[in-house]
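The values are calculated or read from the model by the stated rules, or taken from the named source; none is laboratory data. Values in this document were obtained by computation on a predicted structure and should not be read as measured data. In this analysis, Cβ positions are derived from the backbone assuming ideal geometry, glycine residues included, and neighbour counts consider all displayed protein chains.
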């Protein structure tokens, strides 16, 4: 038996019911489910990185080109997706456009070929391509010399700065939205409050994008590229994630925070192509990564830093879709909830 503050006696069972309500128990079970999903998603994505169908250009004299492409295409496990290219210049352009991840340039006058890679797009992928091509060349009694045509910056260890920057922006986006909602109830009570929260999120997104760009640029000198471009990208990522979180909260209340974490952290981060670019990920994560904010953001940040801003239209459209969709859903649900309360 125990005694409460007002002097009344209560049983241990009563104390447990008072300390852990049924609602709290359901939330704890939800957290347990998120934890299990987190472990499953990260372990599933990272436990056995294996290259699959990595786009590779092959520049070789006409008599040897076809057989070489066929040999590389038939490697066990299909690690490469080789295709012939007419010239080294064309191959370099395709790397710059981010349509391929490497190019093998065959020297017809010797036995040492060159492999062009771009570690700025992902050091782990460049290393995997190098190992595969080197082994294949060795079997043909040839050697290969690797040339990095878009190397990661000295302060960007293994080209991971872009990924960590985007993860930070994503965390800031959903935490800001969660605080805005929880501070006055998990669901917006009306359209006006939703508009105010979205306006506050906009100001926060601009500040967060600026802060991130300053840290990785002037402060740490960790990531090259356009400062204004990174600032704008950061603002878009933060707002897209924040608006999505507000929409989840408007739909499900406090449980919506868990849904946002599921989308952004549990599914989005391991599939973003950060630690392991898309060709190294299992099929499920490779498929969903480009459609989620962390993946779209990481791809765009690397393009801005190392590829002169090429191949960013699709990822920017993905981020814009999350931003517009989250905003629209937040406003619509808030208006309908207000009308439902009035009837």
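Things to note:
- Residue match in region 54-73 (condition: buried (at least 16 other Cβ atoms within 10 Å of the Cβ), touching a residue at least 24 places away in the same chain (Cβ under 8 Å), in contact with a strand residue (DSSP E or B) (Cβ under 9 Å, 6 or more places away or on another chain) and closer than 26 Å to residue 268 by Cα): yes
- Residues satisfying the stated conditions in region 111-134, i.e. in a loop (DSSP other than H, G, I, E, B) and under 21 Å from residue 87 (Cα atoms): 111, 118
- Matching residues, region 324-335, being surrounded by 23 or more Cβ atoms within 10 Å (Cβ to Cβ) and either farther than 30 Å from residue 253 by Cα or modelled with pLDDT of 95 or more (or both): 326
- Only one of the numbered conditions (1) crowded, with 24+ Cβ neighbours inside 10 Å; (2) under 24 Å from residue 157 (Cα atoms) is violated by residue 240, and that is (2).
- Criterion applied to 165, 175 was being buried (at least 21 other Cβ atoms within 10 Å of the Cβ) and either modelled with pLDDT of 90 or more or in the same structural domain as residue 234 (by TED's automatic domain parsing) (or both), and the one residue passing it is 165.
- Members of region 135-159 that are part of a loop (DSSP other than H, G, I, E, B) and over 13 Å from residue 72 (Cβ atoms): 141, 149, 150, 151, 152, 153, 154, 155, 156
- Unique match (being in contact (Cβ under 8 Å) with a residue 60 or more places away in the chain and touching a helix residue (DSSP H, G or I) at 6+ places or on another chain (Cβ under 6 Å)) among 103, 123, 150: 150
- Taking the listed residues 275, 287, the one that is at pLDDT below 95, surrounded by fewer than 23 Cβ atoms within 10 Å (Cβ to Cβ) and under 23 Å from residue 77 (Cα atoms) is 275, with no other qualifying.
- Just one of the listed residues (229, 209, 217, 225) is assigned to a helix (DSSP H, G or I), assigned by TED's automatic domain parsing to the domain that holds residue 173, in contact (Cβ under 8 Å) with a residue 60 or more places away in the chain and crowded, with 17+ Cβ neighbours inside 10 Å, namely 229.
- Residue check for residue 108: surrounded by fewer than 21 Cβ atoms within 10 Å (Cβ to Cβ), free of Cβ contacts under 8 Å to residues at least 40 places away in the same chain and more than 25 Å from residue 309 (Cα to Cα): no
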